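For reference, the structure is listed below as structure tokens.
The values are calculated or read from the model by the stated rules, or taken from the named source; none is laboratory data. Please read all numbers here as calculations on a predicted model, not as lab measurements. Cβ: placed from backbone, ideal geometry, glycine included. Neighbour counts: every protein chain shown.
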Amino acid sequence: MSAQTIFPMVAMLRNAVLTLVALAIAIGVGGGSVWYALDAQSGIGAIRIGPWTAFPDMGTPDADPYSQARVAREGVLALGRAEGLAFVAERDSDGQPLRRECAYTIEGQFPTARFWTLYAADQSLDAIDTGRPRPAALHSYEILRRPDNSAVISAGRHPAPGNWLLVPGTGALYFVLTFYDTPIASSTGLSDVRLPRITRGSCDA
Amino acid sequence: MRRLLHAVIVGAIGAGIVHIAVLLMVPEFSERDAWSRLAMASDLYRMAPLVPEPGGAPVVKSVDPLFRAAACRFDLDDGPLQVTAPGNVPFWSVSVYDRNGHNLYSFNDRSAADGTLDAIVLTPAQMIEVRKELPETLEGSVFVEADIGEGIVVIRSFVPDDSWKPAVDRFFGQSTCAPQQF
């Protein structure tokens, strides 16, 4: 073939490759970023109080598109405002990720609610199965309180006096603290809400 | 080199468009949303537990381990929906969701006249019909007006400890969810 026929073909090929590059970036980065954004625990609409995160708008028609996509993809039926509000902690108050090998102390005041529940969860926020009659969950009706109405909860695999939350196994740990029939879910008072601190104790190697 | 840079910039702009398009399409096309999962587990107007067996995989996620919950899918085109459950449990709550899993309305046992669950879900048009002549049997019911066709109603109940299991079992076992004609 002569140079006159090869030259336009090279130019065409280069255009095709460049178009492919542009398309690959658009679809790969565009789709991948949605996937990444939906998997992140934080995100738009999150309210952070100390180590605790809540999504008060999640599952309502007012939610942002990211929350709506997450609800659809994970098949969540979120709690309504008259039911309650769930807070999730994935780190302790010092910013270290929670681990099931470690003992934790959850200490402080709990906001006004008819009652609350606290459970230990795995990565997908399902309650940890202890394999024993004792569940990895506590609720406010069975809690021992101090004279100032605050509570101290010990979480870990080794039994502890007072309030003990059994957390067996190894790996990542999440605490889910849910307040039921509470004014903080329906009012704008979320800014003054104070939640308990999570401090790390000793860890099994 | 300049043409490659051009392609990358076009790609980046395209990525933004794809990101927004995919994000907005996820709720429309998801086959893993609550409605689809419940459709695989049970029929319309069947109160089905969200956790079929203790310790088993939940049909719909995020169920508190100290709670029991059951869901019922309905279609208001068939007429207003009546949801009832008898007995005294420490706490119950009801949520009405639309087809996409958005929580439209929720209430708990403090909203009911005598603490028993008896609720009617209906569209605004059906509400006008019912208001003309309220059947006596519905005088104690909680009316929930929702401008939807298909939807999901979920009832939840707190189980503080095992001693409450019989009462909660009865609450869910005798719960009903059926379309009504007035």
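List of remarks:
- Some residue of region A:61-81 being facing another protein chain (nearest Cβ under 7 Å) and of a type in the set (D, E): yes
- Some residue of region A:129-138 being in a loop (DSSP other than H, G, I, E, B) and in contact with a helix residue (DSSP H, G or I) (Cβ under 6 Å, 6 or more places away or on another chain): no
- Per-region count, region B:112-129, residues under 30 Å from A:D181 (Cα atoms) and more than 16 Å from the chain's Cα centre (by Cα): 8
- For B:F143: the one exception among (1) assigned to a helix (DSSP H, G or I); (2) under 16 Å from the mean Cα position of the chain (by Cα): (1)
- Region B:153-182, residues that are away from every other protein chain (no Cβ under 11 Å) and either of a type in the set (A, V, I, L, M) or touching a His at 6+ places or on another chain (Cβ under 9 Å) (or both): B:A167, B:V168, B:A178
- Taken together, A:G59, A:G84, A:G30 contain a single residue that is touching a helix residue (DSSP H, G or I) at 6+ places or on another chain (Cβ under 7 Å), crowded, with 16+ Cβ neighbours inside 10 Å and either in contact (Cβ under 8 Å) with a residue 40 or more places away in the chain or β-branched (V, I, T) (or both), which is A:G84.
- Verdict on B:A85 being surrounded by 15 or more Cβ atoms within 10 Å (Cβ to Cβ), modelled with pLDDT of 90 or more and away from chain A (no Cβ under 13 Å): yes
- Of the residues making up region B:76-112, those that are part of a strand (DSSP E or B) and among the aliphatic types (A, V, I, L, M) are B:L81, B:V83, B:A85, B:V94, B:V96, B:L104.
- Note on region A:111-160: residues that are of a type outside the set (A, V, I, L, M) and exposed (fewer than 15 other Cβ atoms within 10 Å of the Cβ) amount to 18.
- From A:D204, A:D181, residue being on the phi > 0 side of the Ramachandran plot and over 20 Å from the mean Cα position of the chain (by Cα): A:D181
- Region A:49-94: number of residues that are among the charged types (D, E, K, R) and either outside the structural domain of A:R197 (by TED's automatic domain parsing) or at pLDDT 85 or above (or both): 5
- A:T178 meets all of the listed conditions (1) out of contact with any Asp or Glu (no Cβ under 8 Å at 6 or more places or on another chain); (2) within 12 Å of chain B (Cβ to nearest Cβ); (3) part of a strand (DSSP E or B) but one, namely (1).
- For A:V193, the criteria (1) crowded, with 20+ Cβ neighbours inside 10 Å; (2) out of contact with any Asp or Glu (no Cβ under 9 Å at 6 or more places or on another chain); (3) within 14 Å of chain B (Cβ to nearest Cβ) hold in every case but one, which is (3).
- Per this entry, B:L66 is not counted among residues that are over 20 Å from B:S157 (Cβ atoms) and either not charged (D, E, K, R) or not assigned by TED's automatic domain parsing to the domain that holds B:G140 (or both).
- Failed condition for A:T117, given (1) among the β-branched types (V, I, T); (2) within 7 Å of chain B (Cβ to nearest Cβ); (3) without any contact (Cβ under 8 Å) to a residue 24 or more places away in the chain: (3)
- Of all the residues in region B:146-161, those that are buried (at least 19 other Cβ atoms within 10 Å of the Cβ) and either assigned to a strand (DSSP E or B) or not β-branched (V, I, T) (or both) number 9.
- Number of positions in region B:124-144 that are in contact with a strand residue (DSSP E or B) (Cβ under 7 Å, 6 or more places away or on another chain), of a type outside the set (F, W, Y) and within 20 Å of B:Y45 (Cβ to Cβ): 5
- Residue check, B:D98 in the same structural domain as B:V63 (by TED's automatic domain parsing), surrounded by fewer than 14 Cβ atoms within 10 Å (Cβ to Cβ) and among the acidic types (D, E): no
- Within region B:34-44, the presence of a residue that is modelled with pLDDT of 90 or more, not in a helix (DSSP H, G or I) and not polar (S, T, N, Q) is excluded.
- Boolean, A:P147 is facing chain B (nearest Cβ under 10 Å), more than 16 Å from A:L195 (Cα to Cα) and over 20 Å from the mean Cα position of the chain (by Cα): no
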